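> My structure is below; once you've seen it, I'll send some questions.
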Amino acid sequence: MHSVWSDTADLPRFPTLQGEVKTDVLIIGGGMCGVLCAYQLAQMGVDYVLVEGNTICSGVTKNTTAKLTVQHGLIYDKLIKSAGKEQAAMYLQANQDGLEEYKRLCKNTDCAFEEKSAYTYTMQDRGKIEAEVKAYETLGYRAEFAMPDALPLKTQGAVRLNRQAQFHPLKFIAGIVKELNIYENSFVRSLDGLTARTDAATVTAKKIIVATHFPFLNTHGSYFLKLYQERSYVIALSGAPDVGGMYVDEAQKGKSFRNYAGLLFVGGGDHRTGKQGGNWAELRAFAKTHYPKAVEQYAWATQDCMPLDDVPYIGHYSAATPDLYVASGFKKWGMTTAMAAALLLADKVTGKDREWGAVFSPQRSILKPQLFVNGIEAAANLLTISKKRCPHLGCALKWNAAERTWDCPCHGSRFEKDGTLIDNPATGGAKVE
């Protein structure tokens, strides 16, 4: 199934990298984050090469709902309580900088950019909304309590932020990518220090940025403990109303809404990759009840890397790798955070930093409750009796009946019915016969 973005945009193609190559910065991964890193480095006049194993934005980026906002659910009250006001302010400023950079670039790009209000609503707890509004006030950012009436749901209130935005991500990429130094179908098979090898090339760099969604190196950083992945689903309906903004439920199992080109996107059905969940069946049942005259035009799914503490990992890959960098764990807010990551990493590889960079440090404490959940999940699946194993770290694969794929519950690698790799951190196919 294809997203509306894939169906309505044409991206340029790039050659395969061949031979011996030397560069100052190697970017591994050609999704939104990797491309934005390349763009920022190009603007700074830095020598770089981007290699993508498939074609650019053919992974998670093409399946986003493409909301650009500093509002990432009810995060700021939680951050103030768990990490302090200073860290929460850093997180807010980073995403505000990312949002403003998108606004600047989209002025000259035909990408259906629209300023919209963003809403995080609740079906159960008005107090959570009131606390989040107060958190924004504490951080000096204007937020409003609202009672949204555009949704077919009885809410208890919402946090509204004005002057947020939405766009067409692939048209945006098409508008900025043509002059970038990109190579497609150049899958990195191995990384030895600062030398990367593909099937047809060897690249030696002074710095390397790993922007592969889930980091693929297990020998550094412990990302196999710090991250897991979730699936989420979207249907696009014609004949449904314009809800006038971007909406997301604060509850994990809630619904999200936004419009594009006469279509209403309804998102939800989330579950940990490799587990059972509502998927498209949940969304279709919802649409049948609340939008009975609407017609489904598109259906697609995406995958998100979930960190231990709601904050992405952006910076040095590990304390032992000073010239290796990473951006991952964007939770479900990869568009805005990808730009923040690109701004931060472009500075870092050139010897500078951003005042808000510390909040994203991959070297921060991992002693969080989610760590133990991840560990238990991995142990249970490693001990599961099955011949169908993930080549990443050997966990038992589970059949995803909705998407007809083999999925790994430990770290989220996914494979076609025949074992062909779809999503990392695995770097090759699985034996599923």
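> Sorted from largest to smallest, which semi-axis lengths in Å does the alpha carbon gyration tensor of region 330-433 give for its equivalent ellipsoid, taking the root of 5 times each eigenvalue?
Whole-Å semi-axes of the equivalent ellipsoid: 33, 18, 12.
> Could you give me the percent of Cα pairs per 10 Å distance bin for region 243-364, shortest bin first, beginning at zero and ending with the bin that holds the maximum distance?
11, 34, 25, 20, 9, 1
> Hey, rough spin-label estimate for K417 and T384, points 7 angstrom out along Cα→Cβ, what's it come to in nanometres?
In this crude label model, K417 to T384 measures out at 2.0 nm.
> I would also like to ask the following. Which of the three applies to region 89-160, rounded, prolate or oblate, going by the alpha-carbon gyration tensor with a ≥ b ≥ c and a/c under 1.5 meaning rounded? Could you put the intermediate results ahead of the total?
Details: a/c = 3.53, a/b = 1.46, b/c = 2.41.
Since a/c reaches 1.5 but b/c is at least a/b, the shape of region 89-160 is classed as oblate.
> A further question on this structure: How much of the accessible area of the chain, in percent, comes from carbon and sulfur atoms when a 1.4 Å probe is used? Intermediate results must be reported in sequence, preceding the final value.
Values: 8790 of 17730 Å².
Answer for the chain: carbon and sulfur cover 50 percent of the accessible area.
> Expected output is a single nm value to one decimal: the length gained when fully extending between K275 and I376, i.e. 0.36 nm times separation in residues minus the C-alpha distance. What is it? Could the numbers behind the result be given before it?
Numbers: separation 101, 0.36 × 101 = 36.36 nm, distance 1.43 nm.
So the extension gain works out to 34.9 nm.
> So for region 343-383, considering every pair of alpha-carbon atoms, how many percent are separated by more than 12 Å?
Details: 568 of 820 pairs.
It works out to 69 percent of all Cα pairs.
> Taking 0.36 nm per residue of separation and subtracting the Cα-Cα distance, what length does fully extending D323 through K103 add?
76.1 nm
> Mind telling me which of P15, P169, P312 comes out most flexible in a GNM of the chain, alpha-carbon contacts under 10 Å?
Answer for the Gaussian network model of the chain: P15.
> What number comes out for accessible area per residue over the chain if the probe is 1.4 Å? Units Å², please.
Details: 17730 Å² over 433 residues.
Ligands and nucleic acids excluded, the result is 41 Å² per residue.
> Which pairs in the list K103/K293; K207/K275; K107/K226; K134/K331; K128/K388; K178/K368 are over 32 Å apart, alpha-carbon to alpha-carbon?
With Cα atoms farther than 32 Å apart: K103/K293; K207/K275; K107/K226; K128/K388; K178/K368.
> Sequence gap at least 6, Cα distance under 8 Å: using those rules, report the relative contact order of region 137-218 to the nearest whole percent. Let's see the in-between values first.
Working: 54 pairs, mean separation 11.0, N = 82.
Relative contact order comes out at 13 percent.
> Continuing with the same structure: From the C-alpha gyration tensor of the chain, pull out the three semi-axes of the equivalent ellipsoid (sqrt of 5λ each), sorted largest to smallest, in whole Å.
Equivalent ellipsoid of the chain: 31, 25, 23 Å, largest first.
> Further, regarding this structure: Taking 0.36 nm per intervening residue step and subtracting the Cα-Cα distance, what contour gain separates A200 from E433 on full extension?
Gain on stretching A200 to E433: 80.9 nm.
> Under 8 Å for C-alpha pairs, at least 6 residues apart: give me the relative contact order for the chain, rounded to a whole percent.
19 percent
> Can you give the percent of C-alpha pairs in region 153-219 whose distance is more than 14 Å?
Beyond 14 Å sits 76 percent of the P(r) for region 153-219.
> Between Q156 and T55, what is the label-to-label distance in nm when each label sits 7 Å out along the Cα-to-Cβ direction?
So the two model labels end up 4.7 nm from each other.
The values are calculated or read from the model by the stated rules, or taken from the named source; none is laboratory data. Because the structure is a prediction, the values reported are computed rather than measured. When we count neighbours, we look across all protein chains shown, and the Cβ atoms used for this are built from the backbone with ideal geometry, even at glycine. These area figures cover heavy atoms from the full protein model, side chains too; ligands, DNA and RNA do not enter into them. Shrake-Rupley method; radii C 1.70, N 1.55, O 1.52, S 1.80 Å.
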